[in-house]
Amino acid sequence: MKRQTVTLALLTAGGMSLALFGIKYQVRDLEKDLDSLNRTIARDQQAIHVLKAEWNYLNDPRRLNDLAGRHLGLKPTEMRQLGTLEQLPPRPETAAPPEKGQP
């Protein structure tokens with residue numbers, strides 16, 4: 001009985017050692033994956049930072065105003081160009097109201 005108990009204890013200890021050995025290498029692989037993901041995240045955050053800075057530069061109102069002046073030939077709106085609601089033509093009376101179920 002004593003010999004069976006010792007044998008069972010040794011087999012259990014050996015099995016646990018093998019399991020612990022396997023878990024150790026699984027953890028090591030997971031840590032490598034985590035490090036790789038963290039490096040990727042840091043690289044992506046840096047790229048986002050650069051893209052935001054570029055976006056801010058490209059949308060600078062002074063820059064856009066300069067580009068519009070050089071390439072579009074736009075001029076400021078004059079008061080004579082603005083109209084009133086009374087100057088709009090009336091709606092055509094032939095337009096039928098939409099039927100139910102139609103937009």
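Select from GLN81, GLN26, GLN46 the residue whose mean-square fluctuation is largest in a Gaussian network model of the chain (Cα-Cα springs shorter than 10 Å). Per the Cα network of the chain with a 10 Å cutoff, GLN81 tops the list.
Dipole magnitude for the stretch 1-49: about 380 debye, using +1 per Lys or Arg Cβ and -1 per Asp or Glu Cβ, origin at the Cα centre. Surface composition of the chain: carbon and sulfur make up 62 percent of the accessible area, probe 1.4 Å. Could you give the longest part of the chain that holds none of the GluC sites (Glu not before Pro) found in DSSP loops with at most 16 neighbouring Cβ atoms within 10 Å? Segment 1-77 is the longest. Averaged over its residues, the chain has an accessible area of 103 Å² per residue, based on protein heavy atoms and a 1.4 Å probe. On the beta carbon distance between LEU30 and ALA53, with R0 = 41 Å, the FRET formula returns roughly 0.70. Ligands, DNA and RNA aside, ILE23 has an accessible area near 90 Å² when probed at 1.4 Å.
If you work out Rg/Rh (Cα atoms, Kirkwood Rh) from the coordinates, which of [x] 1.13; [y] 0.98; [z] 1.59 do you get? Entry [z]. Between GLY73, GLY15, GLY83, where does the largest GNM mean-square fluctuation fall for the chain, given springs only between Cα atoms within less than 10 Å? Maximum fluctuation in the GNM of the chain, among the listed residues, is at GLY83.
The values are calculated or read from the model by the stated rules, or taken from the named source; none is laboratory data. Please read all numbers here as calculations on a predicted model, not as lab measurements. With ideal geometry, Cβ positions are generated from the backbone for all residues, glycine too; neighbour counts draw on all protein chains shown. These accessible areas exclude ligands, DNA and RNA; they are computed on the full protein's heavy atoms, side chains included. Shrake-Rupley method; radii C 1.70, N 1.55, O 1.52, S 1.80 Å.
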